[in-house]
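Provided herewith is a single structure, encoded as C-alpha coordinates, for subsequent inquiry.
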Amino acid sequence: MDEREIEQVLRTGLERHAAEADVTAPVAARVRTEVGRRRRTRWGSVAAAAAVVLVAGGVAVATQGGPRDSKEPPVVTDPTADDAPPVDGDRRTEYWQGIAVDIPADWGYGGAPAESGSEVVACFPEAYVGPDGSHLSRPGERGWVGRPITMTDVCARYPWIENSPQEEPTQPYVWLGAAVEPGVVEYANGYVQETVEVDGVPVTVASDDAGLREEILGSARPSEDTLCEPSLRWFPRAGTSVIDVEDPSPEPYAWVCAYRRTDDGRFGLSYAAQVDPSAAEAAIEAQQAAPDQRVDCDYEPVEFVVLKDGVSGSTDRVTVYETGCADGTVHLGGGVSKQMVAAGVDPWARSGIRAALSYFIGPQG
Amino acid sequence: MDVGVTEPSAAVEPGFDAWVEARAAALLRFGYLVTGSQQAAEDAVQTALVSACEKWARVSRHDDPDAYVRRMIVNAHISAWRRSGRRESPVAEVRDTAGTDPAQTVAQQDAVWRMCTRLPTQQRAAVVLRFYEDLEYGEIAAILDVTEPTVRSHVHRALAALRRELEASREGES
(Lines give C-alpha, C1' and ligand atoms only; values in the text may rest on other atoms or scores of the structure.)
Protein backbone atom coordinates (compact mmCIF):
# COMPACT_ATOMS: atom_id res chain seq x y z
CA MET A 1 0.00 0.00 0.00
CA ASP A 2 1.43 3.38 -0.89
CA GLU A 3 1.03 6.59 1.13
CA ARG A 4 -2.00 7.75 -0.86
CA GLU A 5 -3.84 4.48 -0.31
CA ILE A 6 -3.12 4.61 3.42
CA GLU A 7 -4.48 8.15 3.54
CA GLN A 8 -7.61 7.04 1.69
CA VAL A 9 -8.17 4.22 4.17
CA LEU A 10 -7.82 6.75 6.95
CA ARG A 11 -10.30 9.17 5.39
CA THR A 12 -12.84 6.44 4.76
CA GLY A 13 -12.41 5.02 8.25
CA LEU A 14 -12.84 8.41 9.90
CA GLU A 15 -15.94 9.17 7.87
CA ARG A 16 -17.49 5.90 8.79
CA HIS A 17 -16.81 6.37 12.48
CA ALA A 18 -17.98 9.98 12.42
CA ALA A 19 -21.30 8.69 11.08
CA GLU A 20 -21.65 6.57 14.22
CA ALA A 21 -21.87 9.66 16.42
CA ASP A 22 -25.33 10.36 17.83
CA VAL A 23 -25.96 13.86 16.49
CA THR A 24 -29.46 14.03 17.96
CA ALA A 25 -28.02 14.81 21.40
CA PRO A 26 -29.75 18.04 22.57
CA VAL A 27 -26.51 19.95 22.83
CA ALA A 28 -28.00 23.33 21.94
CA ALA A 29 -30.63 23.06 24.68
CA ARG A 30 -28.04 22.01 27.24
CA VAL A 31 -25.86 24.96 26.29
CA ARG A 32 -28.76 27.39 26.74
CA THR A 33 -29.51 25.92 30.17
CA GLU A 34 -25.89 26.05 31.27
CA VAL A 35 -25.36 29.61 30.05
CA GLY A 36 -28.50 30.74 31.90
CA ARG A 37 -27.40 28.96 35.09
CA ARG A 38 -23.95 30.53 34.94
CA ARG A 39 -25.38 34.00 34.45
CA ARG A 40 -27.70 33.62 37.41
CA THR A 41 -24.82 32.38 39.57
CA ARG A 42 -22.52 35.17 38.46
CA TRP A 43 -25.06 37.89 39.06
CA GLY A 44 -26.01 36.33 42.37
CA SER A 45 -22.37 36.63 43.37
CA VAL A 46 -22.26 40.23 42.27
CA ALA A 47 -25.26 40.97 44.44
CA ALA A 48 -23.67 39.22 47.41
CA ALA A 49 -20.38 41.05 46.87
CA ALA A 50 -22.17 44.37 46.68
CA ALA A 51 -23.88 43.62 49.96
CA VAL A 52 -20.58 42.75 51.61
CA VAL A 53 -19.04 46.00 50.43
CA LEU A 54 -21.84 47.91 52.06
CA VAL A 55 -21.31 46.13 55.38
CA ALA A 56 -17.53 46.20 55.29
CA GLY A 57 -17.42 49.88 54.42
CA GLY A 58 -18.15 50.79 58.02
CA VAL A 59 -15.17 48.91 59.43
CA ALA A 60 -12.65 49.45 56.67
CA VAL A 61 -10.64 51.96 58.66
CA ALA A 62 -10.36 49.61 61.60
CA THR A 63 -8.81 46.81 59.52
CA GLN A 64 -6.68 48.82 57.13
CA GLY A 65 -2.95 48.34 57.56
CA GLY A 66 -3.37 45.37 59.86
CA PRO A 67 -2.64 41.78 58.99
CA ARG A 68 -5.15 39.98 56.82
CA ASP A 69 -6.94 37.37 58.84
CA SER A 70 -8.19 35.06 56.13
CA LYS A 71 -8.72 31.34 55.89
CA GLU A 72 -7.75 31.46 52.22
CA PRO A 73 -4.16 30.52 51.39
CA PRO A 74 -2.09 33.53 50.41
CA VAL A 75 -2.30 34.27 46.71
CA VAL A 76 1.13 34.88 45.33
CA THR A 77 1.44 37.19 42.37
CA ASP A 78 2.89 35.98 39.10
CA PRO A 79 6.44 37.11 38.55
CA THR A 80 7.39 39.11 35.53
CA ALA A 81 10.42 39.13 33.33
CA ASP A 82 11.94 41.72 35.67
CA ASP A 83 12.31 38.99 38.25
CA ALA A 84 14.69 36.92 36.17
CA PRO A 85 17.22 35.18 38.41
CA PRO A 86 20.79 36.40 38.47
CA VAL A 87 22.90 34.48 35.99
CA ASP A 88 26.56 34.16 35.28
CA GLY A 89 26.94 35.17 31.65
CA ASP A 90 24.63 33.04 29.56
CA ARG A 91 24.47 30.19 32.05
CA ARG A 92 22.74 29.66 35.37
CA THR A 93 23.27 27.03 38.02
CA GLU A 94 20.62 24.54 39.06
CA TYR A 95 20.84 22.43 42.22
CA TRP A 96 19.40 19.07 43.17
CA GLN A 97 20.32 17.42 46.45
CA GLY A 98 24.13 17.42 46.51
CA ILE A 99 24.91 18.39 42.95
CA ALA A 100 25.01 21.50 40.78
CA VAL A 101 24.75 21.80 36.99
CA ASP A 102 25.15 24.83 34.74
CA ILE A 103 22.53 25.20 32.02
CA PRO A 104 21.64 27.89 29.44
CA ALA A 105 20.08 30.83 31.27
CA ASP A 106 17.02 31.03 29.02
CA TRP A 107 15.86 27.46 29.65
CA GLY A 108 12.61 26.92 31.51
CA TYR A 109 11.49 24.39 34.09
CA GLY A 110 9.50 21.18 33.73
CA GLY A 111 9.23 17.61 34.93
CA ALA A 112 11.45 14.55 34.67
CA PRO A 113 10.85 10.80 35.03
CA ALA A 114 10.07 9.77 38.60
CA GLU A 115 9.11 6.48 40.19
CA SER A 116 5.38 6.18 40.76
CA GLY A 117 4.47 2.86 42.31
CA SER A 118 5.79 0.14 40.07
CA GLU A 119 6.25 2.35 37.03
CA VAL A 120 8.21 5.43 36.00
CA VAL A 121 6.33 8.47 34.74
CA ALA A 122 7.36 11.96 33.70
CA CYS A 123 4.81 14.64 34.53
CA PHE A 124 4.80 17.59 32.13
CA PRO A 125 8.17 16.70 30.59
CA GLU A 126 8.66 20.03 28.85
CA ALA A 127 9.18 23.66 29.78
CA TYR A 128 5.99 24.99 31.39
CA VAL A 129 7.56 27.55 33.72
CA GLY A 130 9.87 30.20 32.32
CA PRO A 131 13.26 31.12 33.75
CA ASP A 132 11.61 34.00 35.61
CA GLY A 133 9.02 31.73 37.22
CA SER A 134 6.10 32.78 35.02
CA HIS A 135 3.84 30.07 33.63
CA LEU A 136 4.51 29.79 29.91
CA SER A 137 1.50 30.33 27.67
CA ARG A 138 3.22 28.21 25.02
CA PRO A 139 4.93 25.39 26.87
CA GLY A 140 7.45 23.16 25.18
CA GLU A 141 9.06 25.82 23.05
CA ARG A 142 12.38 26.10 24.85
CA GLY A 143 14.92 23.89 26.56
CA TRP A 144 14.23 22.99 30.17
CA VAL A 145 15.60 21.56 33.37
CA GLY A 146 13.36 18.82 34.73
CA ARG A 147 13.01 17.57 38.28
CA PRO A 148 11.30 14.30 39.25
CA ILE A 149 8.44 16.07 41.01
CA THR A 150 4.76 15.49 40.24
CA MET A 151 3.47 19.00 39.71
CA THR A 152 0.70 18.09 37.26
CA ASP A 153 -1.40 15.09 36.33
CA VAL A 154 -0.29 15.33 32.72
CA CYS A 155 2.15 12.46 32.78
CA ALA A 156 3.75 10.14 30.26
CA ARG A 157 5.14 6.72 30.99
CA TYR A 158 8.92 6.34 30.70
CA PRO A 159 10.51 4.80 28.67
CA TRP A 160 8.24 6.64 26.27
CA ILE A 161 5.33 4.77 24.73
CA GLU A 162 5.83 3.98 21.07
CA ASN A 163 4.62 6.77 18.77
CA SER A 164 4.24 9.24 21.63
CA PRO A 165 5.41 12.81 20.88
CA GLN A 166 8.15 12.42 23.49
CA GLU A 167 9.88 9.92 21.21
CA GLU A 168 10.88 12.84 19.06
CA PRO A 169 12.31 15.52 21.37
CA THR A 170 12.12 18.99 19.91
CA GLN A 171 13.91 20.86 22.72
CA PRO A 172 17.05 20.04 24.68
CA TYR A 173 16.76 19.24 28.36
CA VAL A 174 18.55 18.36 31.57
CA TRP A 175 17.00 16.04 34.14
CA LEU A 176 18.26 16.17 37.70
CA GLY A 177 17.78 13.07 39.84
CA ALA A 178 15.46 11.41 37.32
CA ALA A 179 14.59 7.71 37.56
CA VAL A 180 16.75 6.92 34.56
CA GLU A 181 19.58 4.40 34.39
CA PRO A 182 22.99 5.65 33.24
CA GLY A 183 23.45 5.17 29.52
CA VAL A 184 22.72 6.62 26.11
CA VAL A 185 19.43 6.76 24.19
CA GLU A 186 19.53 7.78 20.54
CA TYR A 187 16.32 9.20 19.08
CA ALA A 188 15.43 8.97 15.41
CA ASN A 189 15.57 12.74 14.90
CA GLY A 190 19.21 13.03 15.96
CA TYR A 191 18.66 13.84 19.61
CA VAL A 192 20.88 11.91 21.98
CA GLN A 193 20.04 11.46 25.65
CA GLU A 194 22.95 10.74 27.94
CA THR A 195 22.71 9.89 31.65
CA VAL A 196 25.62 9.80 34.09
CA GLU A 197 25.82 9.66 37.86
CA VAL A 198 27.46 12.49 39.80
CA ASP A 199 27.93 11.77 43.49
CA GLY A 200 25.25 9.09 43.17
CA VAL A 201 22.72 11.47 41.57
CA PRO A 202 21.61 10.77 37.97
CA VAL A 203 22.14 13.69 35.60
CA THR A 204 20.59 13.38 32.15
CA VAL A 205 21.23 15.64 29.18
CA ALA A 206 19.50 15.44 25.81
CA SER A 207 20.26 17.49 22.74
CA ASP A 208 21.14 17.12 19.09
CA ASP A 209 24.19 19.28 19.83
CA ALA A 210 27.05 17.09 21.05
CA GLY A 211 28.99 20.15 22.21
CA LEU A 212 26.14 21.34 24.40
CA ARG A 213 25.72 17.88 25.94
CA GLU A 214 29.41 17.69 26.72
CA GLU A 215 29.46 21.18 28.20
CA ILE A 216 26.47 20.58 30.48
CA LEU A 217 27.59 17.15 31.64
CA GLY A 218 31.06 18.57 32.22
CA SER A 219 29.61 21.21 34.52
CA ALA A 220 27.87 18.66 36.79
CA ARG A 221 29.64 18.72 40.14
CA PRO A 222 29.10 18.40 43.88
CA SER A 223 27.34 21.58 45.00
CA GLU A 224 29.71 23.46 47.24
CA ASP A 225 28.73 26.98 46.28
CA THR A 226 25.33 27.09 47.96
CA LEU A 227 24.39 27.76 51.58
CA CYS A 228 21.57 25.23 51.28
CA GLU A 229 22.28 21.90 52.93
CA PRO A 230 21.94 19.12 50.33
CA SER A 231 20.05 16.90 52.75
CA LEU A 232 18.39 17.32 56.16
CA ARG A 233 17.73 14.52 58.62
CA TRP A 234 15.10 16.45 60.56
CA PHE A 235 12.67 19.29 60.03
CA PRO A 236 14.86 22.34 60.59
CA ARG A 237 14.67 24.67 63.58
CA ALA A 238 14.13 28.35 62.87
CA GLY A 239 16.18 31.01 64.61
CA THR A 240 19.10 33.40 64.43
CA SER A 241 22.69 32.52 65.26
CA VAL A 242 25.38 35.04 66.06
CA ILE A 243 28.64 34.15 64.35
CA ASP A 244 31.84 35.53 65.74
CA VAL A 245 34.10 35.18 62.74
CA GLU A 246 36.24 38.01 61.53
CA ASP A 247 35.18 38.89 58.00
CA PRO A 248 37.12 41.71 56.39
CA SER A 249 34.29 42.51 54.02
CA PRO A 250 31.00 41.46 55.61
CA GLU A 251 28.17 41.22 53.08
CA PRO A 252 24.48 40.49 53.38
CA TYR A 253 23.32 37.27 51.75
CA ALA A 254 20.11 35.32 51.26
CA TRP A 255 19.30 31.90 49.85
CA VAL A 256 16.02 30.14 49.34
CA CYS A 257 16.20 26.36 49.72
CA ALA A 258 13.30 24.01 48.94
CA TYR A 259 13.22 20.48 50.36
CA ARG A 260 11.18 17.35 49.67
CA ARG A 261 10.90 14.16 51.65
CA THR A 262 12.94 11.35 50.12
CA ASP A 263 12.42 7.60 50.27
CA ASP A 264 14.84 7.22 53.17
CA GLY A 265 12.80 9.61 55.33
CA ARG A 266 15.24 12.49 54.99
CA PHE A 267 14.60 15.79 53.23
CA GLY A 268 16.54 16.34 50.01
CA LEU A 269 17.28 19.71 48.46
CA SER A 270 14.95 20.10 45.48
CA TYR A 271 15.74 23.68 44.55
CA ALA A 272 18.19 26.36 45.64
CA ALA A 273 18.74 29.94 44.54
CA GLN A 274 20.23 33.14 45.79
CA VAL A 275 17.74 35.91 46.44
CA ASP A 276 18.17 39.60 46.99
CA PRO A 277 18.90 40.08 50.73
CA SER A 278 16.53 43.05 50.86
CA ALA A 279 13.77 40.90 49.35
CA ALA A 280 14.36 38.26 52.03
CA GLU A 281 14.21 40.97 54.69
CA ALA A 282 10.93 42.26 53.27
CA ALA A 283 9.46 38.75 53.28
CA ILE A 284 10.41 38.15 56.89
CA GLU A 285 9.11 41.55 57.99
CA ALA A 286 5.78 40.71 56.35
CA GLN A 287 5.69 37.41 58.20
CA GLN A 288 6.53 39.05 61.50
CA ALA A 289 3.48 41.27 61.03
CA ALA A 290 1.23 38.33 60.06
CA PRO A 291 -1.34 36.78 62.43
CA ASP A 292 -0.10 34.14 64.85
CA GLN A 293 -0.59 30.58 63.71
CA ARG A 294 -2.70 28.78 66.26
CA VAL A 295 -3.04 25.50 64.36
CA ASP A 296 -0.76 22.74 65.53
CA CYS A 297 -0.30 20.44 62.54
CA ASP A 298 0.19 16.80 63.37
CA TYR A 299 1.51 15.29 60.15
CA GLU A 300 4.67 14.34 58.31
CA PRO A 301 5.74 17.29 56.14
CA VAL A 302 6.41 16.43 52.51
CA GLU A 303 8.00 19.71 51.51
CA PHE A 304 9.06 23.00 53.01
CA VAL A 305 11.21 26.03 52.28
CA VAL A 306 14.12 27.37 54.26
CA LEU A 307 15.00 31.02 53.82
CA LYS A 308 18.55 31.65 55.01
CA ASP A 309 19.74 35.18 55.32
CA GLY A 310 22.19 37.23 57.31
CA VAL A 311 25.52 38.99 57.12
CA SER A 312 28.66 37.00 56.48
CA GLY A 313 30.75 36.55 59.60
CA SER A 314 28.08 38.12 61.78
CA THR A 315 24.56 36.62 61.78
CA ASP A 316 22.79 33.67 60.25
CA ARG A 317 19.00 33.61 60.30
CA VAL A 318 16.87 30.58 59.39
CA THR A 319 13.16 31.03 58.59
CA VAL A 320 11.12 27.96 57.76
CA TYR A 321 8.02 28.00 55.54
CA GLU A 322 5.93 24.92 56.24
CA THR A 323 3.71 25.13 53.17
CA GLY A 324 1.61 22.06 53.99
CA CYS A 325 0.44 23.15 57.45
CA ALA A 326 -2.86 25.02 57.66
CA ASP A 327 -2.58 26.95 54.38
CA GLY A 328 1.02 27.71 55.27
CA THR A 329 2.84 28.26 58.53
CA VAL A 330 6.03 30.24 58.92
CA HIS A 331 8.41 29.54 61.78
CA LEU A 332 10.39 32.65 62.69
CA GLY A 333 12.41 31.33 65.58
CA GLY A 334 11.98 31.76 69.31
CA GLY A 335 8.87 29.56 69.14
CA VAL A 336 7.01 32.14 67.05
CA SER A 337 4.85 30.74 64.24
CA LYS A 338 2.81 32.90 61.89
CA GLN A 339 0.21 32.32 59.24
CA MET A 340 1.88 32.43 55.84
CA VAL A 341 0.91 35.58 53.92
CA ALA A 342 1.42 36.55 50.27
CA ALA A 343 3.83 39.38 51.13
CA GLY A 344 5.94 36.86 53.02
CA VAL A 345 6.19 34.55 50.01
CA ASP A 346 6.20 36.88 47.00
CA PRO A 347 9.77 38.16 47.40
CA TRP A 348 11.34 34.70 47.05
CA ALA A 349 8.69 32.87 44.99
CA ARG A 350 10.55 33.45 41.77
CA SER A 351 12.13 31.40 39.06
CA GLY A 352 12.22 27.60 39.24
CA ILE A 353 10.85 27.20 42.75
CA ARG A 354 7.44 27.41 41.13
CA ALA A 355 8.18 24.12 39.41
CA ALA A 356 9.64 22.51 42.52
CA LEU A 357 7.02 23.08 45.23
CA SER A 358 3.61 21.39 45.14
CA TYR A 359 2.34 24.45 47.00
CA PHE A 360 2.35 26.34 43.71
CA ILE A 361 -0.05 23.89 42.06
CA GLY A 362 -3.58 25.16 41.52
CA PRO A 363 -4.46 28.66 42.68
CA GLN A 364 -0.78 29.43 43.19
CA GLY A 365 0.36 27.84 39.97
CA MET B 1 -30.44 50.80 51.12
CA ASP B 2 -31.27 48.76 48.06
CA VAL B 3 -28.53 47.10 46.14
CA GLY B 4 -29.05 47.92 42.50
CA VAL B 5 -28.38 44.65 40.78
CA THR B 6 -30.29 43.76 37.66
CA GLU B 7 -30.84 40.18 36.55
CA PRO B 8 -29.61 39.87 32.98
CA SER B 9 -31.60 38.17 30.32
CA ALA B 10 -31.17 34.40 30.25
CA ALA B 11 -31.39 34.43 26.47
CA VAL B 12 -28.23 33.49 24.65
CA GLU B 13 -26.42 35.91 22.36
CA PRO B 14 -28.14 36.94 19.11
CA GLY B 15 -27.12 34.71 16.22
CA PHE B 16 -25.65 32.04 18.45
CA ASP B 17 -28.73 29.82 18.46
CA ALA B 18 -28.98 29.69 14.71
CA TRP B 19 -25.29 28.99 14.35
CA VAL B 20 -25.40 26.15 16.86
CA GLU B 21 -28.46 24.57 15.25
CA ALA B 22 -26.66 24.58 11.92
CA ARG B 23 -23.34 23.33 13.21
CA ALA B 24 -24.12 21.06 16.19
CA ALA B 25 -24.20 17.81 14.21
CA ALA B 26 -20.87 18.47 12.50
CA LEU B 27 -19.28 19.52 15.77
CA LEU B 28 -20.56 16.37 17.50
CA ARG B 29 -19.08 14.20 14.76
CA PHE B 30 -15.79 16.05 15.06
CA GLY B 31 -15.92 15.70 18.84
CA TYR B 32 -16.66 12.00 18.54
CA LEU B 33 -13.59 11.43 16.40
CA VAL B 34 -11.36 13.53 18.63
CA THR B 35 -12.51 12.05 21.93
CA GLY B 36 -13.37 8.52 20.87
CA SER B 37 -16.63 8.33 22.80
CA GLN B 38 -20.14 9.74 22.59
CA GLN B 39 -20.21 10.94 26.19
CA ALA B 40 -16.82 12.66 25.99
CA ALA B 41 -17.79 14.22 22.66
CA GLU B 42 -21.00 15.70 24.09
CA ASP B 43 -19.13 17.00 27.14
CA ALA B 44 -16.38 18.60 25.07
CA VAL B 45 -18.79 20.14 22.56
CA GLN B 46 -21.04 21.47 25.31
CA THR B 47 -18.09 22.97 27.21
CA ALA B 48 -16.80 24.61 24.04
CA LEU B 49 -20.20 25.98 23.05
CA VAL B 50 -20.92 27.40 26.50
CA SER B 51 -17.61 29.21 26.35
CA ALA B 52 -18.26 30.35 22.78
CA CYS B 53 -21.70 31.65 23.73
CA GLU B 54 -20.29 33.71 26.58
CA LYS B 55 -17.96 35.50 24.19
CA TRP B 56 -20.07 35.17 21.06
CA ALA B 57 -19.71 38.82 20.13
CA ARG B 58 -16.00 38.22 19.68
CA VAL B 59 -16.17 34.66 18.34
CA SER B 60 -18.70 35.59 15.65
CA ARG B 61 -16.38 38.32 14.39
CA HIS B 62 -13.69 35.69 13.95
CA ASP B 63 -12.85 34.85 10.33
CA ASP B 64 -13.83 31.26 10.89
CA PRO B 65 -15.96 30.64 14.01
CA ASP B 66 -16.00 26.94 13.15
CA ALA B 67 -12.23 26.67 13.46
CA TYR B 68 -12.31 28.66 16.67
CA VAL B 69 -14.89 26.35 18.22
CA ARG B 70 -13.16 23.20 16.98
CA ARG B 71 -10.06 24.39 18.78
CA MET B 72 -12.13 24.92 21.92
CA ILE B 73 -13.47 21.37 21.61
CA VAL B 74 -9.95 19.95 21.45
CA ASN B 75 -8.88 22.08 24.40
CA ALA B 76 -11.97 21.13 26.39
CA HIS B 77 -11.20 17.47 25.85
CA ILE B 78 -7.54 17.88 26.77
CA SER B 79 -8.53 19.77 29.94
CA ALA B 80 -11.04 17.08 30.90
CA TRP B 81 -8.42 14.44 30.28
CA ARG B 82 -5.96 16.28 32.50
CA ARG B 83 -8.51 16.77 35.28
CA SER B 84 -9.35 13.08 35.24
CA GLY B 85 -5.72 12.29 35.96
CA ARG B 86 -5.66 9.53 33.39
CA ARG B 87 -2.24 8.69 32.14
CA GLU B 88 -3.11 6.48 29.24
CA SER B 89 -5.33 6.72 26.24
CA PRO B 90 -8.48 4.62 26.41
CA VAL B 91 -8.26 1.14 25.03
CA ALA B 92 -9.45 0.90 21.48
CA GLU B 93 -13.11 0.00 21.34
CA VAL B 94 -13.93 -1.60 18.03
CA ARG B 95 -17.60 -1.99 17.33
CA ASP B 96 -18.82 -5.26 15.97
CA THR B 97 -19.87 -4.40 12.46
CA ALA B 98 -19.20 -7.73 10.78
CA GLY B 99 -21.68 -8.43 8.07
CA THR B 100 -22.37 -4.80 7.18
CA ASP B 101 -19.29 -4.37 4.99
CA PRO B 102 -16.98 -6.58 3.04
CA ALA B 103 -14.48 -8.18 5.41
CA GLN B 104 -11.44 -6.32 4.18
CA THR B 105 -13.10 -2.92 4.45
CA VAL B 106 -14.28 -3.68 7.96
CA ALA B 107 -10.78 -4.79 8.95
CA GLN B 108 -9.28 -1.62 7.54
CA GLN B 109 -11.78 0.65 9.22
CA ASP B 110 -11.33 -1.13 12.52
CA ALA B 111 -7.58 -0.68 12.13
CA VAL B 112 -8.16 3.06 11.65
CA TRP B 113 -10.18 3.29 14.83
CA ARG B 114 -7.73 1.18 16.82
CA MET B 115 -4.89 3.40 15.67
CA CYS B 116 -6.82 6.58 16.48
CA THR B 117 -7.79 5.54 19.98
CA ARG B 118 -4.16 4.81 20.80
CA LEU B 119 -2.98 8.28 19.78
CA PRO B 120 -2.46 11.05 22.35
CA THR B 121 -5.27 13.61 22.23
CA GLN B 122 -3.43 16.34 20.35
CA GLN B 123 -2.07 13.94 17.77
CA ARG B 124 -5.50 12.44 17.21
CA ALA B 125 -6.95 15.92 16.79
CA ALA B 126 -4.29 16.64 14.16
CA VAL B 127 -5.23 13.47 12.27
CA VAL B 128 -8.95 14.25 12.41
CA LEU B 129 -8.41 17.81 11.27
CA ARG B 130 -6.21 16.66 8.41
CA PHE B 131 -8.11 13.67 7.08
CA TYR B 132 -11.69 14.31 8.19
CA GLU B 133 -11.87 18.09 8.04
CA ASP B 134 -9.37 18.30 5.16
CA LEU B 135 -7.49 21.22 6.64
CA GLU B 136 -4.02 22.33 5.59
CA TYR B 137 -1.10 21.83 7.97
CA GLY B 138 -0.89 25.54 8.67
CA GLU B 139 -4.57 25.71 9.60
CA ILE B 140 -4.22 22.72 11.89
CA ALA B 141 -1.17 24.26 13.55
CA ALA B 142 -3.18 27.41 14.23
CA ILE B 143 -6.09 25.46 15.70
CA LEU B 144 -3.89 23.33 17.95
CA ASP B 145 -1.56 26.21 18.78
CA VAL B 146 1.54 24.24 17.81
CA THR B 147 4.09 24.60 15.05
CA GLU B 148 3.49 23.26 11.55
CA PRO B 149 6.40 20.78 11.80
CA THR B 150 4.77 19.37 14.92
CA VAL B 151 1.54 18.78 13.00
CA ARG B 152 3.43 17.15 10.14
CA SER B 153 5.23 14.93 12.62
CA HIS B 154 1.91 13.96 14.30
CA VAL B 155 0.37 13.05 10.96
CA HIS B 156 3.43 11.23 9.65
CA ARG B 157 3.63 9.09 12.77
CA ALA B 158 -0.08 8.34 12.68
CA LEU B 159 0.16 7.15 9.08
CA ALA B 160 3.12 4.97 10.00
CA ALA B 161 1.14 3.52 12.90
CA LEU B 162 -1.82 2.83 10.62
CA ARG B 163 0.43 1.10 8.11
CA ARG B 164 1.67 -1.18 10.90
CA GLU B 165 -1.91 -1.85 12.03
CA LEU B 166 -2.96 -2.77 8.53
CA GLU B 167 0.04 -5.03 8.02
CA ALA B 168 -0.58 -6.73 11.35
CA SER B 169 -4.21 -7.14 10.42
CA ARG B 170 -3.30 -8.74 7.09
CA GLU B 171 -0.77 -11.06 8.75
CA GLY B 172 -3.45 -12.08 11.24
CA GLU B 173 -5.78 -13.01 8.40
CA SER B 174 -3.17 -15.05 6.57
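Could you check the simple spin-label distance between A:Tyr253 and A:Leu227, using points 7 Å along Cα→Cβ, in nm with one decimal?
About 0.6 nm, to one decimal.
Now for a separate question. Using each residue's phi in segment A:227-235, evaluate 6.51 cos²θ - 1.76 cosθ + 1.60 at θ = phi - 60° and report the 3J(HN,Hα) Karplus result to the nearest Hz, with x for Gly and Pro.
Ordered by residue, 3J(HN,Hα) equals 8, 8, 5, x, 8, 10, 7, 10, 4 Hz.
If A:His331, A:His135, B:His77 are ordered by their accessible area, calculated over protein heavy atoms with a 1.4 Å probe, which sequence runs from highest to lowest?
The most accessible residue leads, giving A:His135, A:His331, B:His77.
Something else about it: Roughly how many debye, to the nearest 20, is the charge dipole of segment A:88-222 about its Cα centre, given +1 on each Lys and Arg Cβ, -1 on each Asp and Glu Cβ, and no other charges?
320 debye
Accessible surface of B:Tyr68 in the full protein assembly, 1.4 angstrom probe, to the nearest 10 Å²?
50 Å²
How large is the Kirkwood hydrodynamic radius of segment A:231-364, counting all unique pairs of alpha carbons, in Å?
Final number for the Kirkwood radius of segment A:231-364 is 15.2 Å.
Taking the full set of protein chains and a 1.4 angstrom probe, give the accessible area of A:Leu212 in square angstrom, rounded to the nearest 10.
Accessible area of A:Leu212: about 30 Å².
Would you mind counting up the charge near A:Ile284? Only other residues with Cβ under 14 Å from its Cβ, with Lys and Arg at +1 and Asp and Glu at -1.
That works out to -3.
Let me ask something additional. Could you work out the local net charge near A:Glu214, counting Lys and Arg as +1, Asp and Glu as -1, over the other residues with Cβ closer than 15 Å to its Cβ?
-2
A:Leu227 accessible area, nearest 10 Å², 1.4 Å probe?
Roll a 1.4 Å probe over it and A:Leu227 shows about 80 Å².
The values are calculated or read from the model by the stated rules, or taken from the named source; none is laboratory data. Remember, predicted model here, so these are calculated numbers, not experimental data. Reconstructed Cβ throughout: ideal geometry from the backbone, glycine too, with neighbour counts over all protein chains shown. Protein only, heavy atoms only, side chains kept; ligands, DNA and RNA dropped before computing areas. Shrake-Rupley method; radii C 1.70, N 1.55, O 1.52, S 1.80 Å.
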